[in-house]
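Trainee: Just passing along the structure, written as structure tokens.
The values are calculated or read from the model by the stated rules, or taken from the named source; none is laboratory data. Since the model is a prediction, treat every value here as computed from it, not as a measurement. Here Cβ is always computed from backbone atoms with ideal geometry, including for glycine, and neighbour counts include all displayed protein chains.
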Amino acid sequence: MQQSKINALRGTQDLWGDEAKSWEKVEARSIEVFECFGYQPIRTPLIESTSLFSRSIGSQTDIIQKEMYSFLDRSKNQISLRPEATASVVRAYVEHHLDKKGAGSKFYYSGPMFRGERPQAGRLRQFHQMGVETLGVTHPYADVETILCLNSLLKHLGIEGAKLKLNNLGSFEERAKYESALRKYFQPHRKDLCQDCQERLSKNVFRILDCKEENCRRAADSSPVILDFVSKKDQEHFDTVTSLLKSLGVNFEINPRIVRGLDYYTRTVFEVTHPDLGSKDALLAGGRYDALIVELGGESPGAVGFALGVERLLMILKAKGKNFKDSSVSVFIVALGDRAYQEAFSIAQLLRESCVPTHMDLEAKSLKAQLRQADRVNARFCLIIGEDEIEKGKAVLRNMFESTQEEVLLDHCLEEIKKRIG
Ligand code: HAM
């Protein structure tokens, strides 16, 4: 009896073929950029104590209230799948005293995050982020370097048409004043707001500012802006960032409506949007979170970073017809008969150990079927070995792109192929 099928969970994805290859290339290229900026790799667990996220992201945020995958483990510990990595990086930094261990204070990561959001294009329940964090630095130069890094990243990945928007959120105290001013402002507009924003009015009034509903946008149009509430010191910090970015030729706009959905931010925040992403248009986002290290038990305040959504990046590259397909030259060894297979395995081993991508058929198919398979994997060369060739100590080397072929000595296959690959 046929068993019922089990499908992937909603909001999760299987990737294979060119898409999986593009993914790996994008990740490798991003790491090149991160390493050029002096960030070191860090890997933190996918599961953490739930309290890590509620204390850092904020207990009233949508992520904590509605989106976390949380459960009690067998020992009754409250555990969550990570919805983002910043909190985990700070936890690791504080827990292992990384600043005192010569591990540096600049880290990059890449990996899956989990949020139980309503799935749609560009919004998944398991999605992937690549990000960087600079810890223990309060100076605005760190904000500038972080923004230069994201600019280089987009350039290196060939992303055009992205928009960088900056805002200054000031300190928590100033934000509290701004929060009550916003609440006062929105109260008379309550009935015009969408259901979510009516709830946000008491719990998380900032999020009304980035609601996409037309009525909420209209209501927010003449609301007070944070820039009128920030202190002189925070304004100076922001001015240093923006004037240095200007002098370095970085394009950006200041948008007082960027409030971010996580509570740990202070001072500089930013988002990069892209028109190809539709309504979920944030490709990456980040900012400064000066208080988080101390909040999680560390000593040195100051931190800044960003994270980019890999699925959204791939959506843009796909819309632009760009891909990062594997461009390495590969070889397909066609073998006909048992003796030929033995020879083929031994040559394949030599090629693979010399880092030449090499394919073989593993089902003793016909010549025609094997050549078809070579076409499918886009092999540039086919090495054809049959009984006759073994008798003569030779093989046929076919250039699949130029449709030419020649005989090569079996004992010299590796050198002959390497010579042609160059
Ligand atoms: P975030 O804005 O929540 O920030 O997420 C950063 C990026 O992750 C977004 O701009 C988006 O591209 C992607 N993303 C978020 N949620 C989803 C989803 N459900 N499906 C697909 N992509 C998604 C953070 O996570 C902060 N930790 C960023 C940061 C790092 N701030 C300082 N350092």
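Trainee: Across region 244-261, what is the total count of residues that are within 11 Å of the ligand (Cβ to nearest atom) and of a type in the set (D, E, K, R)?
Mentor: Number of matching residues: 1.
Trainee: Among the listed residues 364, 369, which satisfies the condition of being aliphatic (A, V, I, L, M), modelled with pLDDT of 95 or more and either loosely packed, with under 15 Cβ neighbours inside 10 Å or within 30 Å of residue 167 (Cβ to Cβ) (or both)?
Mentor: Working: 364 fails: modelled with pLDDT of 95 or more.
Residue meeting the stated conditions: 369.
Trainee: Of everything in region 249-273, what is under 22 Å from the mean Cα position of the chain (by Cα) and charged (D, E, K, R)? Give them in sequence order.
Mentor: 260, 263, 271, listed by residue number.
Trainee: May I ask you to list pairs of residues, at least six apart or on different chains, whose Cβ atoms are under 6 Å apart, with the first in region 90-113 being more than 18 Å from residue 53 (Cα to Cα) and the second being in a helix (DSSP H, G or I)?
Mentor: 105/99; 107/89; 108/34; 110/27
Trainee: Which residue, of 75, 70, 49, is loosely packed, with under 13 Cβ neighbours inside 10 Å, more than 16 Å from the ligand (Cβ to nearest atom) and either hydroxyl-bearing (Ser, Thr, Tyr) or free of Cβ contacts under 8 Å to residues at least 60 places away in the same chain (or both)?
Mentor: Details: 70 fails: loosely packed, with under 13 Cβ neighbours inside 10 Å; 49 fails: loosely packed, with under 13 Cβ neighbours inside 10 Å.
So the residue among 75, 70, 49 that is loosely packed, with under 13 Cβ neighbours inside 10 Å, more than 16 Å from the ligand (Cβ to nearest atom) and either hydroxyl-bearing (Ser, Thr, Tyr) or free of Cβ contacts under 8 Å to residues at least 60 places away in the same chain (or both) is 75.
Trainee: Would you pick out the residues in region 153-201 that are touching a residue at least 12 places away in the same chain (Cβ under 8 Å) and of a type in the set (Ser, Thr, Tyr)?
Mentor: 171, 178, 185
Trainee: Regarding region 262-275, can at least one residue be identified that is assigned to a strand (DSSP E or B), away from the ligand (no atom under 16 Å from the Cβ) and either hydroxyl-bearing (Ser, Thr, Tyr) or surrounded by 21 or more Cβ atoms within 10 Å (Cβ to Cβ) (or both)? Steps first, answer last, please.
Mentor: Step one: list which residues in region 262-275 are assigned to a strand (DSSP E or B), which gives 268-273.
Still in the running and away from the ligand (no atom under 16 Å from the Cβ): none.
The answer is no; no qualifying residue exists.
Trainee: For residue 282, state whether it is within 12 Å of the ligand (Cβ to nearest atom) and aliphatic (A, V, I, L, M). Before you say what the answer is, go through the steps one by one.
Mentor: Numbers: within 12 Å of the ligand (Cβ to nearest atom): yes; aliphatic (A, V, I, L, M): yes.
Criteria met by residue 282.
Trainee: Hey, another quick one. Is there a residue being of a type in the set (Gly, Ala, Ser) and either at pLDDT 95 or above or in a helix (DSSP H, G or I) (or both) anywhere in region 96-106? Give the derivation first.
Mentor: Of region 96-106, the ones of a type in the set (Gly, Ala, Ser) are 102-105.
Retained after the next criterion (residues that are either at pLDDT 95 or above or in a helix (DSSP H, G or I) (or both)): none.
No: region 96-106 contains no residue that is of a type in the set (Gly, Ala, Ser) and either at pLDDT 95 or above or in a helix (DSSP H, G or I) (or both).
Trainee: In this structure, is residue 80 out of contact with any Lys or Arg (no Cβ under 9 Å at 6 or more places or on another chain) and under 23 Å from residue 59 (Cβ atoms)?
Mentor: Working: out of contact with any Lys or Arg (no Cβ under 9 Å at 6 or more places or on another chain): yes; under 23 Å from residue 59 (Cβ atoms): yes.
Answer is yes for this residue.
Trainee: Output the residues belonging to region 349-371 that are among the hydroxyl-bearing types (Ser, Thr, Tyr) and farther than 19 Å from residue 398 by Cα.
Mentor: 354
Here's the yes/no breakdown for (1) touching a Pro at 6+ places or on another chain (Cβ under 8 Å); (2) under 28 Å from residue 65 (Cβ atoms):
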residue	(1), (2)
205	no, yes
214	no, yes
218	no, yes
226	yes, yes
235	no, no
243	no, no
252	no, no
256	no, yes
260	no, yes
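Trainee: What helices (runs of 4 or more DSSP H), lying completely within region 287-392, carry at least 2 residues that are in contact with a Cys (Cβ under 9 Å, 6 or more places away or on another chain) and either without any contact (Cβ under 8 Å) to a residue 40 or more places away in the chain or more than 16 Å from the ligand (Cβ to nearest atom) (or both)? If you could, list the steps in order and put the result at the bottom.
Mentor: Numbers: elements: 292-295, 310-319, 338-353, 367-376, 387-392.
Output list reads 338-353, 367-376.
Trainee: State whether one or more residues within region 116-135 are touching a residue at least 60 places away in the same chain (Cβ under 8 Å), touching a Pro at 6+ places or on another chain (Cβ under 6 Å), under 29 Å from residue 204 (Cα atoms) and in a strand (DSSP E or B).
Mentor: Scanning region 116-135 turns up at least one residue that is touching a residue at least 60 places away in the same chain (Cβ under 8 Å), touching a Pro at 6+ places or on another chain (Cβ under 6 Å), under 29 Å from residue 204 (Cα atoms) and in a strand (DSSP E or B).
Trainee: Continuing with the same structure: Which condition from (1) surrounded by 17 or more Cβ atoms within 10 Å (Cβ to Cβ); (2) under 19 Å from the mean Cα position of the chain (by Cα); (3) not small (Gly, Ala, Ser) is the one that residue 32 breaks?
Mentor: (1)
Trainee: Looking for whichever is closer than 30 Å to residue 324 by Cβ and of a type outside the set (D, E, K, R) here; the options are 209, 169, 201, 153. Which one fits? Break it down into steps so the answer makes sense when it comes.
Mentor: Values: 209 fails: closer than 30 Å to residue 324 by Cβ; 169 fails: closer than 30 Å to residue 324 by Cβ; 201 fails: closer than 30 Å to residue 324 by Cβ.
After ruling out the rest, the residue left standing is 153.
Trainee: A further question on this structure: Determine which member of the set 61, 12 is within 16 Å of the ligand (Cβ to nearest atom), touching a residue at least 12 places away in the same chain (Cβ under 8 Å) and over 25 Å from residue 90 (Cβ atoms).
Mentor: Details: 61 fails: over 25 Å from residue 90 (Cβ atoms).
The match here is 12.
Trainee: Buried (at least 17 other Cβ atoms within 10 Å of the Cβ), touching a Leu at 6+ places or on another chain (Cβ under 8 Å), assigned to a loop (DSSP other than H, G, I, E, B) and not polar (S, T, N, Q) - does that describe any residue in region 279-286?
Mentor: No, region 279-286 has no match at all.
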